[in-house]
Amino acid sequence: MTIRHAIKTDLPAIVAIYNAAIPGRMATADLEPVTVESRLAWFQGRSPHQRPLWVIEQAGVIAGWLSFQSFYGRPAYKSTAELSIYIAPAFHRCGLGKQLLAQAIHESPNLGLTTLIGYIFAHNHPSLKLFTTFEFQKWGYLPQVADLDGIKRDLVIMGRQIP
C-alpha cells in the first residue's frame, strides 16, 4: 500500500472513484457524474505543501484518495482544512480510509494546519465511525440541508484540533 501525491494522469481514476460514490447517495451531494474536465481546476488548486491531494495505491491500482480543501476561503481560516476521502467500491472495508486519515492527521502540522473538518451525511455511518475513531467530534448538525432524490438528508460537521 502506497500513499502519494496525485499527479495529473491520476485524475481519471480519481474522478471514477468519486463518480462511483454518487449513486449510493452516501458521500457526496453531487447527483450526476462529474467529468475529468470539470475537475481539472479543482485538481490544479491542490498543492503538495498546503492543500494536497493524495492517492492510495494497492498493487499499482489507485484504490482511493484524500483531499485537503481550504475552509471558507478567508485568510483567518488558513490553518483549517476540510478533508474528503473516497475509496473505490472494490476496496471498501479494507482499512484504506483509516490509513489516509491517519496520514492526514500526522502530516497536518507540516501543512500548517491546526484544525481538520469533515462534512458527512448523518446517514453515512461508516464515515462517521471512521472520523470518530480518530477523535473527531461532532461540531455541528445541519438538519435536512440536502435533497437526495426527494429525501431530505442531514449533514454532520466533524472536527478535530491538531496539537
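Just so it is clear, none of the values below were taken in a lab; they were calculated from the coordinates. Keep in mind that what you see is a predicted model, and the values were worked out from it rather than measured. Glycine gets a Cβ as well: all are built from the backbone with ideal geometry, and neighbour counts include every protein chain shown.
What FRET efficiency do you get for Arg51 and Ile151 if R0 is 41 Å and r is their Cβ-Cβ distance, rounded to the nearest 0.05?
0.80
Sort out for me the Cα centre separation of the stretch 116-163 from the stretch 6-31, rounded to whole Å.
19
Can you check what the net charge comes to around Ser70, using other residues whose Cβ is under 10 Å from the Cβ of Ser70 (Lys, Arg +1; Asp, Glu -1)?
+2
When Lys and Arg each count +1 and Asp and Glu each count -1, what net charge do the other residues less than 12 Å away from Asp10, Cβ to Cβ, add up to?
With Lys, Arg at +1 and Asp, Glu at -1, the net is +3.
Can you flag which of Lys8/Lys129; Lys78/Lys138; Lys8/Lys98; Lys8/Lys138 are past 27 Å Cα-Cα?
Lys8/Lys129; Lys8/Lys138
Report D for the chain in µm² per second (integer): Stokes-Einstein, Kirkwood Rh on Cα pairs, 37 °C, 0.692 mPa s.
In µm²/s, the coefficient rounds to 203.
Can you list the trypsin sites (Lys or Arg not before Pro) in the stretch 1-48 that are in a DSSP coil and have 16 or fewer other beta carbons within 10 angstrom?
Loop-located and lightly packed - Arg46.
Evaluate the charge dipole of the chain about its Cα centre and quote only its size in Debye, nearest 20, assuming +1 on the Cβ of each Lys and Arg and -1 on the Cβ of each Asp and Glu.
320
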